[in-house]
Amino acid sequence: MSNSIYEQYETVIGLEVHVQLATRSKAFCGDDASFGGEPNTHVSAISLGHPGTLPRLNKQQAAYAVRLGLALGCRIDPASAFDRKNYFYADLPKGYQITQDRRPICVGGALPIKLGETWKEIRLHHIHMEEDAGKSIHDQDPRFSFIDLNRAGVPLLEVVTEPELRSAEEVDAFMSGMQQLVRYLGISDGNMEEGSMRCDCNVSVRRRGDTRLGERCEIKNLNSMRYARRAIAYEVKRQIDLIEAGGKVAQETLHFDPDTGVTSPLRSKEDAHDYRYFPEPDLPPVLLDKIFLDAQERALPALPWHLYVQFRNEYQLTDYDAGLLIEDRETAAYFQALCAQTPHKKAAANLIINKILPWRRETGAELADFPLTLPSLAAFLQLIDEGKVSNAIAYQRLLPALMENPSKAPLALAQELELIQTADTDLLGELADQVLAANPDKVAAYKKGKTGLMGFFMGEMMRLSKGQADPKTTTALLAEKLKV
Amino acid sequence: MKSYAKLSDIQADLRAGQITCRQLVAFYLEQIAATKHLNAYIEVYADEALQRAQSLDERYATDPASAGRLYGMVISIKDVICYKDHQVTGGSHILEGFTSLFSATAVERLLAEGAIIIGRTNCDEFAMGSTNETSYYGPTKNAADPSRIPGGSSGGAAVAVQAGTCLAALGSDTGGSVRQPAAFCGVIGLKPTYGRISRHGLLAYGSSFDQIGVFSHSIQDAALLLEIMAGADEYDSTAGRRPVPAYSQRLSFDRRARIAYLPEALEHPSLDPGVRQACLQFLEKLTGAGHIVEPVSFEWLDYIIPAYYVLTTAEASSNLARYDGIRYGYRSADAHNLEAAYRKSRSEGFGAEAKRRIMLGAFVLSAGYYDAYYAKAQQVRRLIRDTTLDILSKYDFIFMPTAPNVAWPLGETIDDPVAMYLADIFTVQANMAGIPAIALPAGNHPDNGLPIGVQLMGAPFEEEALLAFSKQIVP
Amino acid sequence: MKIDQQLISRLEQLTRLELTEAEKFRLEGDLNNILAMVERLQSLDTTGVEPLAYINDEGENTWREDEVQNQADREEALKNAPDRDEHYFRTLKVIDL
C-alpha cells in the first residue's frame, strides 16, 4: 500500500507505566523489597498469601505516590482507597492484587515531554498505588514452571495517560521523561531493562480529522524503548492494513515478540477481563493531612522542565546544552552550584559538558568527587574571561595541570607554568617587528591582498611568545603594522 | 476430679495445692477421649499440653505470677485459627496437612498469659455453615443429643466446652457462628465488636464481618479472655485502636438498663413457640429485676439475610482464591497443566457449600451485576447499621432470640441452603452492624429439653456494659 | 435474573472450579433459589444511601514505617509446597502464556 494511505491515519496511543518503587520494604508487609536476592528469600507468610494473613500499607509508598503526583501537577485525593483485582496466576499469591480502582491517590496532572526543541504536555488520567506479582520462570524445564515470590508485593505506582500520544517518538520521549523524573525524585531506579519501569501501550488508529477513538489494542510489558518503537510501528500498520481491507480492529491484549517483530494476541489470563473489583475490606482509606502533604512538597527537587526553562532563558544556553545539563539531578544541581559561584554561565556549561561529564563517565565517580572545588573552577573560568589565559591553553594545559594539583590556585599555577597571556603592547610590538622583519616576502604578499597570511603571522607570534601572546591585542598590533 | 465452670475456682484449687495444671489437662484429655464420638476435635495436642502444663506448674511453684493470669485455663481453638507450627485446615480437605508459620495474635496473647491449648476443634468448612455438617472431617454432634447438630460454624468449639473437655474455647463469628452453636449447646458465646480482636491469624471468610469469639461457662472467663486478646495489632489494619478496659474487673452492673426488643423478631413466622416462650420469660425476668424493656421498630429485618449473603459470599470468593495448590495445600494428582491443576485441585479440595458460595460471590461481583447486587447490599448494610446504632443510642442493649429454633437432627437442612441461610436471621444483624453480641443460656425447650439461648447486642466497643449486664443474668 | 448453565460455565472459569454435570444441575437450582431470596433487596429504595465499605473508620491511618522485618527463611516459605525444588515452587507448565 502506498505511503499516502498510511498518512491518512492518525495514531492514538495511551500508556500505562508501572514504576517499581525503591522502598526498603514491600507495599503491604515488611519483606525486603530490593531487587535481586536468592529466590524466595524476600518473603513472609503475608507475601506468600498464607491463610490468616492481612496487609498493612507501607507509608513510604504513599509518600512517593504523592511526590510523583505533586511533581506532575495532579490533584491529590486525601482519602483514596484500595480495591481488590481478582484473577488467577501462578505468581499472584492471594489470587487477587491489591490496587486502587475507584479512588486513586492522584488524579489528572500532566508530564511535559521534550520533542526536539519544543515541549508538549501529555495529560494523565491518574496515578494509583498497587503491588507487584512474583516471577514465573517458564524456560528452565519442559514440564515445569518455577515460581519466585521475591517480587510479590513490591510497591508499584501505575501512571495512566490520556490517549494523547501520537507517535512512537512521543512514547519514547514520555518514557524517557518518566524515567528522568522518577530518578530526580529518588523514588525509583526507572530501569526498564531490570524491570523497575514497565510499559503497556494502548494503540489505536483513526482517519485524520476523525474525533472518535478507534478500537484499541493493548501491547503488554514492553521493557525497552526500542521494543516499544518497533511494536508500535508494527501494530499501527497492522491495524491500518486491517481497516483498509474492510476488517475491524478487535479489542485485544497483545504480546510483542522482539525476535519476530510481530504483535500477537496474548491468550487471556482472565476470561474477558472480569476482575470483579470491590473495595479492599482489609485496608481503610489512606488519609492524607496537610502536614503529610506539605512534607512531600518540601521533599521535591527542582524539576527538569523548570530547570530547562531557567537554563535557556536566564543563562542563555542552547537547547542542546540545556538538555544535557538537566539529564540527571546531580548534573543539574552541580551546574547550578557552579553558576552560583561565577557569572560566566555559558562557560560553566561548556566546562561541565566538555570536561567534567566525560570525566564522570570515564571514572564512574560522582560529580561531587571531581578533584577541583567549585571556587577553583570559578577562578579558572574567571582567568579565561579576563583573557589572562587563552581558551585553548586553559583547557589543553592548565586544566590538566590543575587536576594533578587541585590544591593550587588556578592563577598561581598558570603563572608557574608561564601560561599567562600578555597583552603588553611594547613586548608584543617588538616581537611583531621581529616576525615581520623575518618574512619580508610574506609581508609584501599580504599588503598586495593575501590577507589570509595573517594566520601565518599570528602563528609566528605565538611561537615566539611561547603561546603567551594575547590573540586580540596581537591581531590588532599586526594589523596596524601591516597597514598599507 | 470435679468439673469446673470457672477459672477462678480452678485457680483457687491450684493455689491451695489441691490440683496441678498437669492433672487438670489429664482430666480434660480423658473427657476428650470419652466424648470422641461427638467428633468435636480434629486434632488433640495431648503430649504437648501435658508438657506445657508441667512447665507452667514448675514456673508457678517458683514464682506464681510468672505462670500468667491464665494459669489453669485450658482452651481449644477452632480450626480456622492459626497456631505456629501446628496444622490449620479450615475444616477443609484443601488445606489438609498445612502447617502455619505463625500464631494468631489472639493466640499469642493468651499463650503469653499461660493458657494451654489442648486441641483444634472441628468446624464447617472455612466457617461457612450453621450446622457443622460441611466439615471435611465429619459432622460434630451435640452433647445434649448426639443425633442432633451442635450448630455452626464453630460447632466443635461449642461442644468442646459443653462436654467439659476444656474450660473455654475460641471460635469465629461471621454471621452467628459463635452465638448460634452456643445457644444450641447451652453455653455462653461472645462475639466482640468488629475490630476488637485482631484478625491476624484468623482464616478469612467475610473480611468485614469476621471476629474471633469466645465460648465459656461463665461471664467472668469470657471477660478475662476478651481482655487479654483484645486491642490494637500491628498486623491488622482494621483492628480498633481504642484502649481495652479491664473487662474482667468491671463486671458489676448496678443501674437500670434500657433494653430494646424487635417485635418483628419475636413475632417472626420462623420462630419456634418454645423458643418464643423462653424469650418472653427472659424479658419478663428483666422487667421483674427493674429494667426497662421496650419494643422498637426495625423495618429491615427481612433484608438482613439477603444483604449478608451477597456481601459475605463476595468477600469469601476472593478470600478463597488463594487456595490454588501452588504454594501450599491440596494439589490434585490428576492434572496435566497449570490450568487443569487449578480446577481439579480446587474442585476436589473444596466441599459443596464452599463451592456454592464461591460461585455466588463471583456472580454478585461480576461485570454487569455489581451495582444491582454488591453495591446495593452495601447500601442496605448502611441502613441496617445506622438504624441499629440509632436504637443503641437510646437503649443499652437490643434483645434478640439467637436462633429461630433449637438444635435439629443431623442431615435435615443440608439439602436446602436457603432454609439454612434464613435461620441466621437473628444473629447476622450484629455482624452487619459490627457490634458486640452475646448468647446466654436461657433454659431448655419444654418439649425436647434441648438448650435455648437468648441474645443481647450492645453498642460498638461497649463490651464492658454488655458483659457486666450479662453477669447479672447468668452469674 | 436467572442463572443458567452458560452463566455457570462462566462462573466456573472465573473461580477455577470444575463441576460435574450433576453438581452443575444442582447448583443452578440452588443459585436460583438463593438469588430469588437476594432479589428482595431490589424492592428496597436506597436512593442517596452511601454504600458501607468500612465498618470501623477511626479517622486515622494504620500505615507502617518503611522497615524490613519479619521475613521467613526459604525453607519455611517452601515447606508447605506441594511441589518444589531447592529454591522454587514448582508447578506444571502454563500452556498459554
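The values are calculated or read from the model by the stated rules, or taken from the named source; none is laboratory data. Source: prediction; values computed, not measured. Because the Cβ atoms are built from the backbone with ideal geometry, glycine has one as well, and the counts that use them run over all protein chains shown. Side chains are part of the model used for accessible areas, which takes the heavy atoms of the whole protein and leaves out ligands, DNA and RNA. Shrake-Rupley method; radii C 1.70, N 1.55, O 1.52, S 1.80 Å.
Overview of results
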quantity: Looking only at region B:331-348, and only at residues there that are buried (at least 24 other Cβ atoms within 10 Å of the Cβ) and more than 9 Å from chain A (Cβ to nearest Cβ), the one that is nearest to residue A:55 (Cα to Cα); calculated: B:346
quantity: Qualifying residue in region B:310-322 (condition: among the hydroxyl-bearing types (Ser, Thr, Tyr), assigned to a helix (DSSP H, G or I) and more than 9 Å from chain A (Cβ to nearest Cβ)); calculated: yes
quantity: Residues of region A:437-451 classified as under 20 Å from residue A:464 (Cβ atoms) and open to solvent by 50 Å² or more (accessible area, probe 1.4 Å), total; calculated: 5
quantity: Selection count, region B:438-475, where residues are of a type in the set (S, T, N, Q) and open to solvent by less than 10 Å² (accessible area, probe 1.4 Å); calculated: 2
quantity: Residues of region C:1-54 classified as closer than 23 Å to residue B:422 by Cα and among the aromatic types (Phe, Trp, Tyr), total; calculated: 1
quantity: Pairs with Cβ under 9 Å, 6+ apart, first in region C:62-86 and at the interface with chain B (Cβ under 8 Å from one of its Cβ atoms), second surrounded by fewer than 15 Cβ atoms within 10 Å (Cβ to Cβ); calculated: C:62/B:241; C:80/B:97
quantity: The one condition in (1) open to solvent by less than 10 Å² (accessible area, probe 1.4 Å); (2) modelled with pLDDT under 95; (3) within 30 Å of residue B:457 (Cα to Cα) that residue B:318 fails to fulfil; calculated: (2)
quantity: Residue in region A:32-46 that is polar (S, T, N, Q), away from every other protein chain (no Cβ under 14 Å) and within 27 Å of the chain's Cα centre (by Cα) present; calculated: no
quantity: Positions within region B:208-234 being among the small types (Gly, Ala, Ser) and crowded, with 23+ Cβ neighbours inside 10 Å, in sequence order; calculated: B:208, B:213, B:216, B:222, B:223, B:230
quantity: Candidates A:177, A:153, A:209 - the one that is open to solvent by less than 50 Å² (accessible area, probe 1.4 Å) and assigned to a loop (DSSP other than H, G, I, E, B); calculated: A:153
quantity: Whichever residue in region C:87-97 is closer than 17 Å to residue A:134 by Cβ and more than 7 Å from chain B (Cβ to nearest Cβ) and, among such residues, is surrounded by the fewest Cβ atoms within 10 Å (Cβ to Cβ); calculated: C:97
quantity: Which listed residue is in contact with an Asp or Glu (Cβ under 8 Å, 6 or more places away or on another chain) and aliphatic (A, V, I, L, M), from A:349, A:332; calculated: A:349
quantity: Candidate set from region C:35-49 (those that are of a type outside the set (A, V, I, L, M) and part of a loop (DSSP other than H, G, I, E, B)); member that is nearest to the other protein chains (Cβ to nearest Cβ); calculated: C:46
quantity: Members of region B:309-340 that are in contact with a Gly (Cβ under 6 Å, 6 or more places away or on another chain) and not acidic (Asp, Glu); calculated: B:312, B:313, B:314, B:316, B:317, B:321, B:322, B:323, B:330, B:331
quantity: All positions within region B:356-378 that are in contact with a Lys or Arg (Cβ under 8 Å, 6 or more places away or on another chain) and surrounded by fewer than 24 Cβ atoms within 10 Å (Cβ to Cβ); calculated: B:366, B:367, B:370
quantity: One residue from A:4, A:25, A:80 being on the phi < 0 side of the Ramachandran plot, open to solvent by 10 Å² or more (accessible area, probe 1.4 Å) and either among the polar types (S, T, N, Q) or facing another protein chain (nearest Cβ under 8 Å) (or both); calculated: A:4
quantity: Single unsatisfied condition, residue A:450 versus (1) in contact with a Lys or Arg (Cβ under 7 Å, 6 or more places away or on another chain); (2) more than 28 Å from residue A:355 (Cα to Cα); calculated: (1)
quantity: Condition check for residue B:393: at the interface with chain C (Cβ under 7 Å from one of its Cβ atoms), open to solvent by 10 Å² or more (accessible area, probe 1.4 Å) and either over 19 Å from residue C:46 (Cβ atoms) or not in a strand (DSSP E or B) (or both); calculated: no
quantity: Top-ranked residue of region B:411-437 - restricted to ones that are aliphatic (A, V, I, L, M) and modelled with pLDDT under 95, ranked as surrounded by the fewest Cβ atoms within 10 Å (Cβ to Cβ); calculated: B:419
quantity: Matching residues, region C:5-34, being more than 7 Å from chain B (Cβ to nearest Cβ), open to solvent by 70 Å² or more (accessible area, probe 1.4 Å) and either part of a loop (DSSP other than H, G, I, E, B) or closer than 26 Å to residue B:303 by Cα (or both); calculated: C:20, C:26
quantity: All positions within region B:64-97 that are outside any loop (DSSP other than H, G, I, E, B) and open to solvent by 20 Å² or more (accessible area, probe 1.4 Å); calculated: B:64, B:65, B:66, B:87, B:93
quantity: Selected residue [out of contact with any Cys (no Cβ under 9 Å at 6 or more places or on another chain), in a helix (DSSP H, G or I) and modelled with pLDDT of 95 or more] from A:384, A:353, A:393; calculated: A:353
quantity: Neighbours by Cβ (under 7 Å, 6+ apart or cross-chain): first from region A:472-484, over 14 Å from residue A:449 (Cβ atoms); second hydroxyl-bearing (Ser, Thr, Tyr); calculated: A:473/A:425; A:477/A:425
quantity: Filter result for the condition that a residue is part of a strand (DSSP E or B), at pLDDT 95 or above and more than 14 Å from chain B (Cβ to nearest Cβ), over A:69, A:14; calculated: A:14
quantity: Test for residue A:407: is it open to solvent by 40 Å² or more (accessible area, probe 1.4 Å), of a type in the set (Ser, Thr, Tyr) and either within 30 Å of residue A:349 (Cβ to Cβ) or modelled with pLDDT of 90 or more (or both); calculated: yes
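A quick yes/no check of all residues on (1) open to solvent by 10 Å² or more (accessible area, probe 1.4 Å); (2) closer than 30 Å to residue C:14 by Cα; (3) not in a strand (DSSP E or B):
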site	(1), (2), (3)
A:36	yes, no, yes
A:49	no, yes, yes
A:61	no, no, yes
A:85	yes, yes, no
A:103	yes, yes, yes
A:113	no, no, no
A:121	yes, no, no
A:126	yes, yes, no
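To keep it simple, each residue is scored yes or no on (1) open to solvent by less than 20 Å² (accessible area, probe 1.4 Å); (2) within 14 Å of chain A (Cβ to nearest Cβ); (3) closer than 24 Å to residue B:35 by Cα; (4) not aromatic (Phe, Trp, Tyr).
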position: B:99; (1), (2), (3), (4): no, yes, no, yes
position: B:103; (1), (2), (3), (4): yes, yes, no, yes
position: B:111; (1), (2), (3), (4): no, no, no, yes
position: B:116; (1), (2), (3), (4): yes, no, yes, yes
position: B:119; (1), (2), (3), (4): yes, no, yes, yes
position: B:122; (1), (2), (3), (4): yes, no, yes, yes
position: B:150; (1), (2), (3), (4): yes, no, yes, yes
position: B:153; (1), (2), (3), (4): yes, no, yes, yes
